[in-house]
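Let me begin by presenting the structure, written as structure tokens, before commenting on it.
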Amino acid sequence: MNGIRFYEEFSNKRKGISEGNVVAALVSNGINAEGCYNALVSLTYEPNGAVCGSTVALDYLRAKCKRIAESKARAIHPALFARLDNE
């Protein structure tokens with residue numbers, strides 16, 4: 001998907017403990033004045049959680065997330081792609 005970067009969320013990035021959710025950063029919109037991307041994120045900490053629109057800070061992406069390929073993101077968070085594919 002053009003203009004979207006996918007990031008896997010980790011509860012402990014160093015140990016590789018995934019939360020089972022993915023952030024879809026809408027990078028084509030650019031960064032806002034607060035240093036955030038518009039994004040689609042999980043509402044809960046449950047794996048494959050329900051998705052809502054939000055913003056995500058670059059600092060959060062660096063500290064708690066790892067950029068991943070779309071194919072891996074689809075496997076981790078199908079609910080996110082149910083929303084993306086319908087828009």
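Bear in mind that the values in this text are calculations on the coordinates, not laboratory data. As the structure is a prediction and not an experimental result, all values here were calculated from the model. Cβ placement follows ideal geometry from the backbone for every residue including glycine, while neighbour counts extend to all protein chains displayed.
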Residues whose built amide H sits under 5 Å from the amide H of residue 19, excluding neighbours closer than 5 in sequence, are 9, 10, 11
Can you put 22, 27, 56 in order of Cβ neighbours within 10 angstrom, beginning with the fewest? 27, 56, 22
Taking trypsin sites (Lys or Arg not before Pro) in a DSSP loop with at most 13 other Cβ atoms within 10 angstrom as exposed, one finds the longest site-free stretch of the chain at 16-87
Work out the charge dipole of the range 1-73 with +1 on the Cβ of Lys and Arg and -1 on the Cβ of Asp and Glu about the Cα centre, then indicate which of 40, 58, 16 is farthest towards its positive end. 16
Would you pull out the residues with amide H under 5 Å of residue 51's amide H, same chain only if 5 or more places away, H placed 1.01 Å from N? 43
Taking the range 5-86 as the region of interest, what is the percent of Cα-Cα pairs per 10 angstrom bin, listed from the shortest bin to the one with the maximum distance? 20, 56, 23, 1
³J(HN,Hα) across the range 78-84 via Karplus (A = 6.51, B = -1.76, C = 1.60, θ = phi - 60°), whole Hz, x for Gly/Pro? x, 5, 4, 6, 4, 6, 5
List, in order, the whole-Hz ³J(HN,Hα) value for each residue of the range 7-23 obtained from phi through the Karplus relation with A = 6.51, B = -1.76, C = 1.60 and θ = phi - 60°; use x for Gly and Pro. 10, 7, 8, 10, 7, 9, 5, 4, 8, x, 8, 7, 8, x, 10, 10, 9
Given springs between every Cα pair under 10 Å in a Gaussian network model of the chain, which of 18, 42, 28 has the largest fluctuation? 28
Name the residues whose placed amide hydrogens come within less than 5 Å of the amide hydrogen of residue 31, ignoring near sequence neighbours (fewer than 5 apart) on the same chain. none
Along the range 28-37, Karplus-curve 3J(HN,Hα) (6.51, -1.76, 1.60; θ = phi - 60°) to the nearest Hz, with x for Gly and Pro, reads 5, 7, x, 9, 7, 4, 8, x, 10, 9
